[in-house]
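Comments concern the structure below.
What follows is calculated from the coordinates using simple rules that are stated; it is not laboratory data. Fair warning: this is a prediction, and the values are worked out from it, not measured in the lab. Positions of Cβ are backbone-derived with ideal geometry, glycine not excepted, and every protein chain shown enters the neighbour counts.
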Amino acid sequence: MTAQSLFAERGSKAEIEEGSAFQPKFDADGLIPCITQHAETGEVLMFAFMNREALARTLELGEAVYWSRSRNEIWHKGATSGHVQKVVELRTDCDQDVVLLRVLSGPACHVGYDSCFYRAATVQDGRAVLAVVKDGKAYDPDAVYGKKG
């Protein structure tokens, strides 16, 4: 089965909103946003995009596969780091234009934190600033990905 034939063509509003056919809406660049959440804790781990092939491979493999906009290529999460995301459930919203992955995984963030959302924004002295809200890094990214420089 190809990624092209896996998904139904977009139908009527009623079919999209309440039907059983998966009819994902990809944007003009062929991408759909994907929110990834830890299946047990509910913590939001990351946000990424998928193209048609990445979404199809995610469903077929049962592991998260994304589209890397910076590298312009398919990205099987954990292929380099070993932090594979095992998909427990894949959901879509009412318009089928966003995907929610519920996964079991190790750390999600390439910077070393469990979640990519490890900082919170506040206003101090009239300026927006970020502060780390997580308790330390889960792993050393230099050891996993090699020294950056």
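Out of everything in the range 96-115 that is hydrophobic (A, V, I, L, M, F, W, C) and surrounded by 15 or more Cβ atoms within 10 Å (Cβ to Cβ), what residue ends up being farthest from residue 136 (Cα to Cα)? Going through the qualifying residues, I end up with 98. Consider the range 1-52 and keep the residues that are under 23 Å from residue 117 (Cα atoms) and of a type in the set (Asp, Glu). The one that is surrounded by the most Cβ atoms within 10 Å (Cβ to Cβ) is 43.
So is residue 74 among the hydrophobic types (A, V, I, L, M, F, W, C), surrounded by 11 or more Cβ atoms within 10 Å (Cβ to Cβ) and touching a residue at least 24 places away in the same chain (Cβ under 8 Å) or not?
Judged against the criteria, residue 74 is not a match.
Out of curiosity, is residue 55 surrounded by 19 or more Cβ atoms within 10 Å (Cβ to Cβ), within 13 Å of the chain's Cα centre (by Cα) and closer than 29 Å to residue 19 by Cβ? Answer is yes for this residue. Close Cβ contacts (under 7 Å, 6 or more residues apart or on different chains) running from residues in the range 50-68 that are touching a residue at least 12 places away in the same chain (Cβ under 8 Å) to residues that are of a type in the set (Val, Ile, Thr) and in a helix (DSSP H, G or I) comprise 50/58; 64/58; 65/58.
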